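The values are calculated or read from the model by the stated rules, or taken from the named source; none is laboratory data. Not measured: the values here are computed from a predicted model. Here the Cβ positions follow ideal geometry from the backbone for every residue, glycine too, while neighbour counts run over all protein chains shown. Surface areas here come from the heavy atoms of the whole protein model, side chains and all, with no ligands, DNA or RNA. Shrake-Rupley method; radii C 1.70, N 1.55, O 1.52, S 1.80 Å.
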Amino acid sequence: MTTTSEQIKAARAMLRWDQKRLAEMSRVSLPSVKRLEARPGPLAAQPRTVAAMVGALENAGIRFLDAGDEGGAGAGPGVRLAYSGPPDEGLRPDELSAANDG
C-alpha cells in the first residue's frame with residue numbers, strides 16, 4: 001500500500017493530533033513530518049519513516065484504506081477510526097440503584 005500525505009493529515013485530524021504529536025509518537029523529526037505532509041500524493045520518504053508514522057497512527061486507532069477498500073469501485077485511498085465494538089450505552093433507568101451510584 002502506498003501512503004499519501006492526505007491520509008496522514010486526515011488521520012491526524014481524526015485523532016486531533018498536531019504535527020508535533022505525530023512527530024513525538026512516531027519518533028520522526030517535526031521538520032520531516034512537516035516536509036512530508038506539504039507535498040501532495042505518496043509520501044516521499046524512506047520506508048522506515050513511513051512505517052513509523054503509519055505505525056504510530058495505527059496504534060492510536062487509525063485504519064489505512066487502499067483505493068477501493070470499503071468504498072466500492074472508484075473510491076480512493078483513505079483512513080478511518082478502527083471499530084472498537086458497540087458504544088457503551090450505560091445503565092438503563094430501571095437498572096439504577098444506590099448500589100451502582102458512582
Just to be sure I understand, how many residues within region 1-37 are small (Gly, Ala, Ser) and loosely packed, with under 14 Cβ neighbours inside 10 Å? 2
Which of the residues that make up region 7-28 are in contact (Cβ under 8 Å) with a residue 40 or more places away in the chain and among the charged types (D, E, K, R)? ARG12
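Residue-by-condition table, conditions (1) open to solvent by 40 Å² or more (accessible area, probe 1.4 Å); (2) modelled with pLDDT of 95 or more:
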{"position": "ALA44", "(1), (2)": "yes, no"}
{"position": "ARG48", "(1), (2)": "yes, yes"}
{"position": "ALA52", "(1), (2)": "no, yes"}
{"position": "LEU57", "(1), (2)": "no, yes"}
{"position": "ALA67", "(1), (2)": "yes, no"}
{"position": "GLU70", "(1), (2)": "yes, no"}
{"position": "GLY78", "(1), (2)": "no, no"}
